[in-house]
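Reading through the structure tokens given below for one structure.
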Amino acid sequence: MIDVRLLDRPFIPGAFIGAFTHAHPGLGGVCTFVGEVRSEDGVEALELSHYAPLTLPGMQALAQRAAGRFDLMGILILHRTGVLHPGEPIVCVSAAATHRRAAFDAVDFAMDHLKSDSWFWKREKRGGEWHWIEPRAEDHADKARWD
């Protein structure tokens, strides 16, 4: 089961993870990562915008690649758009597999690709002003591990 969603409202990751886990009887392990808006360095808000014709198909293709590469039973990818505030979830990736290592690796793979090859434009608000965010060199290096 592949479940990929773009969300334009705050969400509670556990509400999705519980249903995802129960949809995969006989799994050996589920690994989940939830990324939240950080409040460090005076971040007041984060805004994520996207180009709809590319974003969801790109995320679905990433989920398909992860599911095939790591022989998953299922993968869940949730990603927020719009204006978010510190402490709100941005992304949730959960993988169900027969063995734990596949679940861990699939989540790591998906997050590395979402961070460096994402279909989102991001900007942060600090001190009342918006500033664009680009992927860091570390994000690209993390993704390169999978090539």
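Read-outs throughout are calculated quantities, based only on the coordinates presented, and are distinct from any laboratory measurement. Computed from a predicted structure; not experimentally measured. In this analysis, Cβ positions are derived from the backbone assuming ideal geometry, glycine residues included, and neighbour counts consider all displayed protein chains.
Largest GNM mean-square fluctuation among 94, 116, 39, using the chain with Cα springs under 10 Å: 39. Cβ-to-Cβ counts within 10 Å put 59, 111 in ascending order as 111, 59, the fewest first.
Contact order, relative form, for segment 2-144: 33 percent (alpha carbon pairs under 8 Å, 6 or more residues apart, mean separation divided by residue count).
A DSSP coil position with no more than 16 other Cβ atoms inside 10 Å describes the following trypsin sites (Lys or Arg not before Pro) in segment 66-143: 136. Between residue 5 and residue 98, what FRET efficiency follows from the Cβ-Cβ distance if R0 is 22 Å, with the result rounded to 0.05? The computed FRET efficiency comes out at 0.35. Using only Cα atoms, find the angle between the long axis of helix 13-22 and the longest principal axis of the chain, and express it within 0 to 90 degrees, rounded to the nearest 10. That helix lies at roughly 10 degrees to the long axis. Using a Gaussian network model on the chain with a 10 Å cutoff between Cα atoms, which of 108, 117, 41 fluctuates the most? Taking springs between Cα atoms under 10 Å, the residue moving most is 41.
Need the C-alpha centroid separation for segment 1-37 versus segment 64-135, integer Å. Between the Cα centre of segment 1-37 and that of segment 64-135, the gap is 12 Å. Projected onto planes of every orientation and averaged, the convex hull of the alpha-carbon atoms in the chain covers 8.6 nm². Taking a point 7 Å from the Cα of residue 34 along the Cα-to-Cβ direction, the residues of segment 83-115 with backbone N closer than 11 Å to it are 88-93.
Computed from the C-beta positions of residue 145 and residue 51, the FRET efficiency with R₀ = 30 Å rounds to 0.65. For the chain, the longest principal axis of the alpha carbon atoms and the long axis of helix 100-116 meet at an angle near 30°.
If I take R0 = 25 Å and measure r between the Cβ atoms of residue 69 and residue 41 in this structure, what FRET efficiency does the formula 1/(1 + (r/R0)^6) give, to the nearest 0.05?
Result of the calculation: an efficiency of 0.10.
Taking the chain as a Gaussian network of alpha-carbon nodes connected by springs under 10 Å, the highest mean-square fluctuation of the residues 57, 135, 25 belongs to 25.
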